[in-house]
Amino acid sequence: MTFEIINNEQGHISLKGYRIIPDAETFWDKEVENELERDNGINYVDNLFDQLYDGFEPICKGSDGKLYSVLSVWVDKGFVPFIWQEVEPC
């Protein structure tokens, strides 16, 4: 999936006027996960999931038209979306 950043203000997701939809599925790129685990270890990857739920990542519009909190990571020569969770205005 591709994403367009619509709100990259600093601060918690609630200060941006959004909240994570509690029952929405969490998505992540399995290939990126495998690469990160190989290079940095499983604890590093677990911490990235925790980081997403801390609520400080950009709000993006996905290519499916839905809104997501998206955590991107550096892989090879650039940042790529790794974990995303659907959000809604609150």
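The charge dipole of the stretch 3-89, taken about its Cα centre with unit charges on the Cβ atoms of Lys, Arg (+1), Asp and Glu (-1) only, comes to about 300 debye.
Here's the list of aspartates and glutamates a cross-link from Lys30 could span, going by alpha-carbon distance under 15 Å and ignoring same-chain residues fewer than 8 apart: Asp39, Asp46. The value of relative contact order for the chain, using C-alpha pairs under 8 Å at least six residues apart, is 41 percent. Would you please give the FRET efficiency between Lys61 and Thr26, computed as 1/(1 + (r/R0)^6) with r the Cβ-Cβ distance and R0 = 22 Å, to the nearest 0.05? The formula returns an efficiency of 0.80 here.
Match the structure shown to one of the listed values (i) 1.24; (ii) 1.05; (iii) 1.12 of Cα Rg over 2.2 N^0.38 Å, computed from it, and give that label. So the calculated entry is the one marked (ii).
Ellipticity at 222 nm from helices only: DSSP H runs of n ≥ 4 in the chain, each -39500 (n - 2.57), divided by the residue count, give -8500 deg cm²/dmol. Roughly what angle does helix 42-54 make with the longest principal axis of the chain, taking Cα atoms, 0 to 90 degrees, to the nearest 10? Roughly 10 degrees between the two axes.
Only aspartates and glutamates eight or more places from Lys77 in sequence, or on another chain, were considered; those with a Cα closer than 14 Å are Glu35. Couplings 3J(HN,Hα) of the stretch 10-25, computed from phi: 6, x, 5, 3, 5, 6, 8, x, 10, 9, 6, 6, x, 8, 6, 5 Hz, in residue order, whole Hz [Karplus 6.51 cos²θ - 1.76 cosθ + 1.60, θ = phi - 60°; x for Gly and Pro]. Once the Cα atoms are used to define both axes, helix 30-40 deviates from the longest principal axis of the chain by about 60 degrees.
Since every read-out is calculated from the coordinates, none of them should be taken as a lab result. None of these values were measured; they are calculated from a predicted model. Here the Cβ is made from the backbone with ideal geometry for all residues, glycine too, and neighbour counts use every protein chain on show.
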